[in-house]
């Protein structure tokens, strides 16, 4: 008899979990609070407690080639950076709220869980052999009001970017946006088209980069990156003066704010906090999801390390440096194999040591792990073309189409017959960028 797995959340992480469980011969049942799949990427014109929320005009920050499911690449005529409406036969129970997830009395032997769900005012209890938490980390907004002296005196209105839907409500107003991330830059640019004045306050600044590389290729396919802000319009709005950048807020008054550099922004109508999210799992016992220094301690960001039986996994909680979908898919594959007894986890002490190391270094990415890699030298001898693609990348999720990925990438932007797409040459471009400084250095050393 196959094991029953409860999956909570039908966003991208939940869908990946369902598929991976089916591949491992498990029996998944998914519970979704709303009436549709998609999670964060399912737009709603209003916000609800405990549900993720986006604004109407949101687009992906990663290209479609790097953000797809491995088994389901997006159609090649889809735009490289997709609107949320394009992003989104499983057993999914809609409009089902998970009230609690508790260990069975026989957990030490069976590893089973008692899950209580609520639908239409009626509660139902179900036993599962394993559970996957796929509710994500964009549910509970971080609104750090205590960090801003004088905010309680401010006479205008303030809100979190989670509650922002479109710029119409801010037409003709003076708006302050707190934090320069992807949400903050998106919000600021949209507001600057209708508002009288918009200022973005940023504590540490950010690298702002275009989403497009040479010859129209998405940047995330040709260059490794470390969380810059990707926005093509933000620099031009700053140059045109419709949007301004200021340092951190020092204090608020009834109608204005004072920044750390001593300048002021007066007669503010609204403040939007694009300050990220906190995590919370109110349906779980606090002893299961332990935290340290406000960070959840999970082995590789997935498994609680002090579980007697490894039958609970958190999928999609890690904030990856790239697209979320491939990361969630890999996590779900691993968890499903652990549930199906196809692989085992390290000992508790080894998992704790791994967590201690990551917490000490404050890393956001995974540590070393066993991976399946091709024999590259042998591949160069037997199939040089494939070896070049494997070795130089990019490592997109759908490796079954690795030889045609560049043609698929540029198809949305090529509306006439052109020669076959040539892969970008990042190393050649890097040499071109370094050639002038090297030449200047050589001249300097020669004459001085």
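The values are calculated or read from the model by the stated rules, or taken from the named source; none is laboratory data. No experiment lies behind these values; they were computed from the predicted model shown. All Cβ positions, even for glycine, are placed from backbone atoms using ideal geometry, and neighbour counts span all protein chains on display.
Identify, please: which residue in region 122-157 is over 30 Å from residue 26 (Cα atoms) and within 25 Å of the chain's Cα centre (by Cα) and is, among those, surrounded by the fewest Cβ atoms within 10 Å (Cβ to Cβ)?
The selected residue is 145.
Just checking, which of 351, 307 is closer than 23 Å to residue 102 by Cβ, out of contact with any helix residue (DSSP H, G or I) (no Cβ under 7 Å at 6 or more places or on another chain), in a loop (DSSP other than H, G, I, E, B) and modelled with pLDDT of 85 or more?
Only one candidate qualifies: 307.
Scan region 74-92 residue by residue and report those that are at pLDDT below 75 and either farther than 30 Å from residue 27 by Cα or in contact with a helix residue (DSSP H, G or I) (Cβ under 7 Å, 6 or more places away or on another chain) (or both).
Within region 74-92, 83, 84, 87, 88, 90 qualify.
If we keep just the residues of region 263-285 that are out of contact with any strand residue (DSSP E or B) (no Cβ under 7 Å at 6 or more places or on another chain) and farther than 18 Å from residue 205 by Cβ, which is modelled with the lowest pLDDT?
282
How many residues, within region 278-290, are surrounded by fewer than 17 Cβ atoms within 10 Å (Cβ to Cβ) and either within 18 Å of the chain's Cα centre (by Cα) or in the same structural domain as residue 161 (by TED's automatic domain parsing) (or both)?
Matching residues across region 278-290 total 2.
Taking the condition assigned to a strand (DSSP E or B) and surrounded by fewer than 21 Cβ atoms within 10 Å (Cβ to Cβ), does residue 168 pass?
no
For the list (1) crowded, with 20+ Cβ neighbours inside 10 Å; (2) on the phi > 0 side of the Ramachandran plot, I need the number of the one condition that residue 216 fails.
(1)
Let me spell it out: the conditions are (1) in contact with a strand residue (DSSP E or B) (Cβ under 9 Å, 6 or more places away or on another chain); (2) under 25 Å from residue 44 (Cα atoms); (3) surrounded by fewer than 22 Cβ atoms within 10 Å (Cβ to Cβ), and residue 175 meets all of them except one. Which number is the exception?
Only one criterion in (1) in contact with a strand residue (DSSP E or B) (Cβ under 9 Å, 6 or more places away or on another chain); (2) under 25 Å from residue 44 (Cα atoms); (3) surrounded by fewer than 22 Cβ atoms within 10 Å (Cβ to Cβ) is unmet by residue 175, namely (3).
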